[in-house]
């Protein structure tokens, strides 16, 4: 069975070696394992452009190269019409060769592939919608169009659409799904405990951009320190807000309790998760926030905004704290949780038990079912 993947996510070719964004590479290795051949129809870069990359560890057919373009609005789409038409022809020819069509959405390439796949009603297909599927959320027009095409069973035939979270009134082809980072064979850890007079560690993992709001994590720690807590924040990731964070940390004299570690590998992150009490993500929009799921796997109590499927992940507050984006309110809730050790341990246990269901092995089993 020949699987062709259509995606805006690039393959990066450096010194004749192929790389992908690290979490994407790990996932696609599992898809490749359950197909006879795998091929990517996507842009190809010759430099990393700041992405956290991993070398591709599985065999692929020669890349089908697409050109990048921008369709944030009608004006930009108009100026990209030649590139769009060329890409549509390439996508159509690639889909003719595929036994199974796999779309990665949302994205510009995903939008074109959503349209072209309508012409192949007899081929089996899957689409992974890695963004926010919440029908009530405000999203760009191109995202809304992709969601409409994918969920329209008149236009989209023989496709399972993998989305994060369970949403009411979904069409029959919508399948709640997940992302996995760890094996079921990972060493088990004890339930976390916390003491107001002990050391407390918070963790932020993600790209340092406004949408992820890393500054709020710093400000939350700053507010909590007013309660004379011995609390520290470790920040893992890179991005355009790094200098803003550095300036704020220096200005507020927080360099003894907030640490910027940059991008690190999975082993370093795993150690940080194991040693932390809280994982925080005050994001404005998410799909399946891996940092939250990974932190929960190791018993961290998540502090996260109620976007996309996060409320579902946190069981509406039973497995963590849903941030209200009010520093006084949020810090008071977290402080009370630190003071009530039994409730903290209950949340830590509930978080760990939920996240440990979603292992790499379980993910592989579900992918195998989809590709049958």
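Laboratory data are not the source of any read-out in this text; all were calculated from the coordinates shown. It should be emphasised that the depicted structure is a prediction, and the values quoted were computed from it without experimental measurement. When we count neighbours, we look across all protein chains shown, and the Cβ atoms used for this are built from the backbone with ideal geometry, even at glycine.
With a Förster radius of 56 Å applied to the beta-carbon distance between residue 340 and residue 265, the computed FRET efficiency rounds to 0.95. Highest-first packing order for the peptide set 11-17, 137-143, 271-277, 127-133 is 127-133, 271-277, 137-143, 11-17, based on the mean count of other beta carbon atoms within 10 Å.
Computed from label points 7 Å out along Cα-Cβ, the spacing between residue 230 and residue 366 is 4.1 nm. Taking every DSSP helix (H) stretch of at least 4 residues in the chain, weighting each as -39,500 (n - 2.57) and dividing the sum by the residue count yields a mean residue ellipticity at 222 nm of -11000 deg cm²/dmol. Counted residue by residue at 0.36 nm each, then reduced by the alpha carbon distance between them, the extension gain from residue 190 to residue 207 reaches 3.2 nm. Summary of packing: across the peptides 303-310, 330-337, 247-254, the per-residue average of other C-beta atoms within 10 Å ranks them, highest first, as 303-310, 330-337, 247-254.
Between residue 92 and residue 169, the distance separating the two model label sites (each 7 Å from Cα on the Cα→Cβ line) works out to 3.5 nm. Remark: spin-label model distance residue 183-residue 256 equals 4.3 nm, labels positioned 7 Å along the Cα→Cβ axis. For residue 242 and residue 274, a Förster radius of 25 Å and the Cβ-Cβ distance give a FRET efficiency of 0.50, rounded to the nearest 0.05. Relative to the longest principal axis of the Cα atoms of the chain, the long axis of helix 242-251 makes an angle of roughly 10 degrees. Fully extending the segment from residue 118 to residue 353 would add 80.6 nm, taking 0.36 nm per residue of separation and subtracting the current Cα-Cα distance.
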